[in-house]
Amino acid sequence: MYLMKDITRDGAPVLRQMAEQVTFPLSEEDEKLANDMMDYLVISQDETENEKYHLRPGVGLAAPQVGVGKSMAAVLVPGAEGEILLKEVFINPKIISHSVQDAALAEGEGCLSVDKDIPGYVVRHDRITVRYQNMQGETKKLRLKNYPAIVAQHEIDHLNGILFYDHINDDAPFKLDPNAVIIE
Ligand SMILES: O=CN(O)CCNC(=O)c1cccc(Cl)c1Cl
Ligand code: NI
């Protein structure tokens, strides 16, 4: 399992490169990578476990964040009542369409690879359609909106060498298009 010492921090080139496409069938190594990333999310979201292992909670994790420049990311997005809104491993994901309307999380975003808090609205698409391959190599198309869509964009950004603060307006961090959705 991954600990915080295994997380690649901002400044490492791998976080600013395009991740390589993953080929199928998955190698054992790639399969383990996917499972280890999802395991991190599960453990990090458990209060007792994350205390025990000193893990920062995460709702997503991308391979470059564990030093692997491959196009693969795990997401585990819980709902308000503890239900699971989205649990998936995105392999070679691509946003193939999106809303004109923007959205941003009211609380801003954080990243395991960025040790400092950077306040401001991270402006993203409110709705996206993602095409990706799952662990079995099946090509899927998934329409996402609101919080799950935001998380998916944060992870897909990691695969394109983009970090969340790249989307914050430096001069006016909390400036937002009046038509944008603020997600609580
Ligand atoms: O790339 C993944 N991480 O860095 C894990 C830690 N950050 C989060 O879980 C997180 C927190 C707030 C908003 C979003 Cl969208 C995300 Cl993703
Ligand atoms: Ni991140």
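Just so you know, all these numbers are worked out from the coordinates, no wet-lab data involved. This structure is a prediction, so every number in the text was calculated from the model and none was measured. Positions of Cβ are backbone-derived with ideal geometry, glycine not excepted, and every protein chain shown enters the neighbour counts.
Tabulated results
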{"quantity": "Selection status of ILE84, more than 16 Å from ligand 2 (Cβ to nearest atom), in contact with a helix residue (DSSP H, G or I) (Cβ under 9 Å, 6 or more places away or on another chain) and of a type in the set (A, V, I, L, M, F, W, C)", "calculated": "no"}
{"quantity": "Selection status of LYS70, without any contact (Cβ under 8 Å) to a residue 40 or more places away in the chain and either under 22 Å from LEU86 (Cα atoms) or surrounded by fewer than 18 Cβ atoms within 10 Å (Cβ to Cβ) (or both)", "calculated": "no"}
{"quantity": "Those residues of the stretch 82-100 which are within 15 Å of ligand 1 (Cβ to nearest atom) and either of a type outside the set (Val, Ile, Thr) or over 29 Å from ALA12 (Cβ atoms) (or both), in sequence order", "calculated": "ILE84, LEU85, LEU86, LYS87, GLU88, PHE90, PRO93"}
{"quantity": "Among residues of the stretch 106-135, those that are farther than 23 Å from ASP10 by Cα, within 15 Å of ligand 1 (Cβ to nearest atom) and in a loop (DSSP other than H, G, I, E, B), counted", "calculated": "2"}
{"quantity": "Hits in the stretch 9-28 (condition: in a helix (DSSP H, G or I) and farther than 19 Å from ASN92 by Cβ)", "calculated": "PRO13, ARG16"}
{"quantity": "Flag if THR48 is at negative phi, among the β-branched types (Val, Ile, Thr), over 18 Å from the mean Cα position of the chain (by Cα) and in a helix (DSSP H, G or I)", "calculated": "yes"}
{"quantity": "Single residue of the stretch 100-122 satisfying the filter (in contact with a Lys or Arg (Cβ under 9 Å, 6 or more places away or on another chain) and more than 16 Å from ligand 2 (Cβ to nearest atom)) that is farthest from PHE174 (Cα to Cα)", "calculated": "GLN101"}
{"quantity": "Output for the stretch 1-23, where each listed residue is among the aliphatic types (A, V, I, L, M) and touching an Asp or Glu at 6+ places or on another chain (Cβ under 7 Å)", "calculated": "MET1, VAL22"}
{"quantity": "Output for the stretch 136-165, where each listed residue is free of Cβ contacts under 8 Å to residues at least 60 places away in the same chain, away from ligand 2 (no atom under 12 Å from the Cβ), more than 15 Å from LEU105 (Cα to Cα) and outside any strand (DSSP E or B)", "calculated": "GLN136, GLU138"}
{"quantity": "Test: ALA103 is small (Gly, Ala, Ser), out of contact with any Asp or Glu (no Cβ under 7 Å at 6 or more places or on another chain) and within 13 Å of ligand 1 (Cβ to nearest atom)", "calculated": "no"}
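Per-residue answers, yes or no, for (1) of a type outside the set (Ser, Thr, Tyr); (2) more than 15 Å from ligand 1 (Cβ to nearest atom); (3) farther than 20 Å from SER99 by Cα; (4) surrounded by fewer than 16 Cβ atoms within 10 Å (Cβ to Cβ):
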site: LEU144; (1), (2), (3), (4): yes, no, no, no
site: PRO148; (1), (2), (3), (4): yes, no, no, no
site: HIS158; (1), (2), (3), (4): yes, no, yes, no
site: HIS167; (1), (2), (3), (4): yes, no, no, no
site: ASP170; (1), (2), (3), (4): yes, yes, yes, yes
site: PHE174; (1), (2), (3), (4): yes, yes, yes, yes
